[in-house]
1. Assuming Val333 fulfils every condition listed in (1) at pLDDT below 95; (2) in contact with an Asp or Glu (Cβ under 9 Å, 6 or more places away or on another chain) apart from one, which condition is it?
2. Just to be sure I understand, how many residues within segment 1-38 are open to solvent by 70 Å² or more (accessible area, probe 1.4 Å), touching a residue at least 12 places away in the same chain (Cβ under 8 Å) and not in a strand (DSSP E or B)?
3. If only one of Ala113, Ala78, Ala128, Ala74 is touching a Cys at 6+ places or on another chain (Cβ under 6 Å) and either surrounded by 21 or more Cβ atoms within 10 Å (Cβ to Cβ) or without any contact (Cβ under 8 Å) to a residue 40 or more places away in the chain (or both), which one is it?
4. Could you list, ordered by first residue, the pairs with Cβ atoms under 6 Å in which the first is in segment 201-226 and aromatic (Phe, Trp, Tyr) and the second is surrounded by 17 or more Cβ atoms within 10 Å (Cβ to Cβ), at least 6 apart or interchain?
5. Does Val285 satisfy being surrounded by fewer than 22 Cβ atoms within 10 Å (Cβ to Cβ) and under 28 Å from Glu15 (Cβ atoms)?
6. Filter segment 316-336 down to the residues that are buried (at least 21 other Cβ atoms within 10 Å of the Cβ) and under 20 Å from Arg37 (Cβ atoms) and list them by number.
Amino acid sequence: MAVEILDTLAREAFEEVIALHDRHSGVRAFLAIHDTRRGPAFGGIRRWSYLDEEQALRDCLRLARSMTYKCAMAGLDAGGAKLVLLDRPELDLALAYRYIGDVVERLGGRVYAGPDVGSGVEELGWVAERTRFATDPGPDGPGELAQSTSAGVVAGIAAALRHVDGSERWSERTAVVQGLGQVGSGVAGSLRALGARVLAGDTDSERGEALARGLGVEWVDPCAELELACDVLAPCALGGIVHDLSLQRLRCRVLAGSANNVLAASGHGDRLHERGILYVPDFVVNSGALIRGALFHMEGVRVPVAEIGDRIAREVALLLEMAADEGLPPARVAVREAERRIRATAAGAQN
Ligand code: NAI
């Protein structure tokens, strides 16, 4: 494993990967800093029950690199990082997150830590007790993070529909939302309010069904979500849902959601393109919270949620146009464009 991992770090130009262990709190974690050439690295803290360390490290690396691309495509002077914390019964949560806060503080602003799966308001509160370089979940922080992400996803979906059909025509659309969490519930509610027919599912069926009722959207079995015929499929749960088996079963025209790393492997973007499914890359469409958080930290402004949506819609429209002109899958063009922007900054810095 070690050699292969080191090869990956070299090939994908990671700056640094730190393995963390703390016997007082039970922390076992990896912190990957992918690229800070455009500015400080932003990344969430993911707490998850990984099968083993290798799975955790791989997830950490993929997510950190994707954050670098996300920053570049959002036009931010920032780079990507990620911290994954292995969730285990031995973990003392308050101690663990305070320890992570100390680690982040020692990095002196090279890394800004934010929320992610498993790290919400309470956990971020513990981190923020120990460092200036974390998203403060309270009234002194950027606020409205999930709302910013939902707004970006909805605006990105609208841009994709305009690209394929010339207009949104919400009342004629069917959208399926996978996951009714913080972001998915916002996406489902907004699409419904715009007039679309919305179907949604969540593995937490008790909470999900009640939420669906409240939002006026139709509840579906989460096992069936991916196979429903629809205009838009919005994955807002976990990543990796487009893989060799699921790919043939998808029946959507547009695929755009908040989940990070929707494609199990980069080649799946090509396969979606061959199948005629317009995939809007996750790191282009789900940057709402990042834009809100990064500009709050770097410039002290709280960018209005609607403005974030407009900004993401413009980026999505440009990308889809560029990809269509070249006849290439948007996922491929987005990675190329992000890398071009990062190289351009690095070259500029050397001059
Ligand atoms: P969340 O934890 O609030 O919601 C996720 C929901 O998905 C939960 O309700 C969970 O029960 C459900 N779920 C899990 N597996 C499922 C499955 N197989 N089928 C259906 N439902 C399933 O998380 P949040 O904050 O809403 O984020 C959703 C996704 O978007 C995550 O992948 C996250 O990394 C990503 N994301 C979130 C951002 C944010 O601002 N919160 C920013 C960028 C990305």
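The values are calculated or read from the model by the stated rules, or taken from the named source; none is laboratory data. It should be emphasised that the depicted structure is a prediction, and the values quoted were computed from it without experimental measurement. Because the Cβ atoms are built from the backbone with ideal geometry, glycine has one as well, and the counts that use them run over all protein chains shown. Remember, those area values only see protein heavy atoms, side chains included, never the ligands or the DNA or RNA. Shrake-Rupley method; radii C 1.70, N 1.55, O 1.52, S 1.80 Å.
1. (1)
2. Counting residues in segment 1-38 that are open to solvent by 70 Å² or more (accessible area, probe 1.4 Å), touching a residue at least 12 places away in the same chain (Cβ under 8 Å) and not in a strand (DSSP E or B) gives 4.
3. Ala78
4. Here the result reads Trp219/Ala212, each pair linking segment 201-226 to a residue that is surrounded by 17 or more Cβ atoms within 10 Å (Cβ to Cβ).
5. no
6. Ala334
Per-residue answers, yes or no, for (1) in a loop (DSSP other than H, G, I, E, B); (2) modelled with pLDDT of 95 or more; (3) closer than 30 Å to Arg28 by Cα:
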position	(1), (2), (3)
Arg98	no, yes, yes
Ala160	no, yes, no
Ser167	yes, yes, no
Ala175	no, yes, no
